[in-house]
Amino acid sequence: MRAGTTRVRLVAVAALAAVAFSTAACTDDSSGGNGASPAVSGNGTIKPGLKIAFLPKQVNNPYFTTAGNGGKTAVGEFKGTYSETGPSEASASSQVSYINTLSQQKTDVIVVSANDKDAICGALNEARQAGTKVVTYDSDTKPDCRDLFVNQATAEGIAKSQIKLISDAVGPDGGKIAILSATANATNQNAWIEMMKTELAKPEYSKLQLVATVYGDDDDQKSFTEAQGLLAKYPDLKGIISPTTVGVAAAGRYLSGSAYKGKVALTGLGTPNQMRAFVKDGTCKAFALWNPADLGYLAAYAAGALASGMISGKEGEKFTAGKLGEFTVGKNGEVLLGEPFTFNASNIDQFNF
Ligand code: RAM
């Protein structure tokens, strides 16, 4: 894991250093097929013709559209067939029927961001028994329902960045803060929130008091209403952390149109395109994310390597993910993309996703 992690970090740092942020500068990166990147790992070649289906938490979310475009590019490079399908709501069991259909269609790999770590396990394991491989990306299931998890960043890394960002934005006097999350079952947000609580227990954050965690369900309107509700209940709130691209944009919209603009700090995990206006008008000084296109691209290569028998999900296995380079499977079948990146007024205009 170490070597792989270091390599991944180098790749991430290199990607972030230049205008590049790799595919970040492109809104649609789906040309595929003409890539210079060989679909090769240390252990063979990805088979052409694989059917790779992306199943995001929900389809009407720009974050997942960008991730899917990265996946489509990768699948094009190794001459497979890419598809995307999924629910319009990120509720716990909304993905089950899609998994069943994909399995019946003899999909080689389902690449899924799980709305619930347990609710889709039965369907995924049935699909696996029928010969489909399962890669989770973005939001994991229990490890025994999938072959690999492609993780965007460690929960510790994300939590540290979120707490540092809210602490800097609120200022040295600290005060009450709240979290506006996605759905109550989301594996990824729940892991991050748990680590944020650990981080908040550190002495340097003793002046920050987490008073509430609420859920906007990755629904724009519900997230807006929840942000409004937080301020109604805690008028002396000093900051909101929203570790979801849907939530942080909705909270930005609420705060920027309210008397709390510039008074209540906002940070979270957002896309530059959804947050640009709120950074420019002073509602949000800084927020974080990784490159969703790279996450999808890496997940697709992992899927291809898995379905070609080049890797099986065991710790220490290595594979090459096209332009992103070599990755190593870590503990619990986890592959790590890199570290979160911070966006602020000085760099946000370099990004378009
Ligand atoms: C939303 C989803 C996704 C999460 C991002 C940060 O788009 O909840 O799972 O990773 O936010």
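The values are calculated or read from the model by the stated rules, or taken from the named source; none is laboratory data. What you see is a predicted model; the values in this text were computed from it and never measured. Neighbour counts are summed over all protein chains in view; Cβ atoms, including those assigned to glycine, are modelled from backbone coordinates with ideal geometry.
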- Within region 332-346, how many residues turn out to be out of contact with any strand residue (DSSP E or B) (no Cβ under 9 Å at 6 or more places or on another chain) and over 14 Å from Ala153 (Cα atoms)? 1
- Query: What number goes with the only condition from (1) surrounded by fewer than 23 Cβ atoms within 10 Å (Cβ to Cβ); (2) assigned to a loop (DSSP other than H, G, I, E, B) that Thr283 does not pass?
  - Reply: (1)
- Any residue in region 250-271 that's closer than 17 Å to Lys222 by Cα and more than 15 Å from the ligand (Cβ to nearest atom): show its pairings with residues that are assigned to a strand (DSSP E or B) and not basic (Lys, Arg) at Cβ separation under 8 Å, as long as the two are six or more apart or on different chains. Leu255/Ile240; Leu255/Leu266
- Which helices (runs of 4 or more DSSP H) does region 85-176 wholly contain that include 3 or more residues that are more than 17 Å from the chain's Cα centre (by Cα), closer than 24 Å to Ala293 by Cβ and within 16 Å of the ligand (Cβ to nearest atom)? none
- Residues Asp217, Asp236: which one is on the phi > 0 side of the Ramachandran plot and either surrounded by 24 or more Cβ atoms within 10 Å (Cβ to Cβ) or at pLDDT 95 or above (or both)? Asp217
- Those residues of region 239-275 that are farther than 21 Å from Tyr205 by Cβ, of a type outside the set (Val, Ile, Thr) and assigned to a helix (DSSP H, G or I) come to a total of 12
- Message: Quick check on my filter: what residues within region 97-142 are among the basic types (Lys, Arg), over 15 Å from Ala302 (Cβ atoms) and touching a residue at least 24 places away in the same chain (Cβ under 8 Å)?
- Response: Lys106, Lys117, Lys142
- Which residue out of Gly330, Gly316, Gly262 is farther than 20 Å from Leu148 by Cβ, surrounded by fewer than 24 Cβ atoms within 10 Å (Cβ to Cβ) and either in the same structural domain as Phe64 (by TED's automatic domain parsing) or at pLDDT below 95 (or both)? Gly262
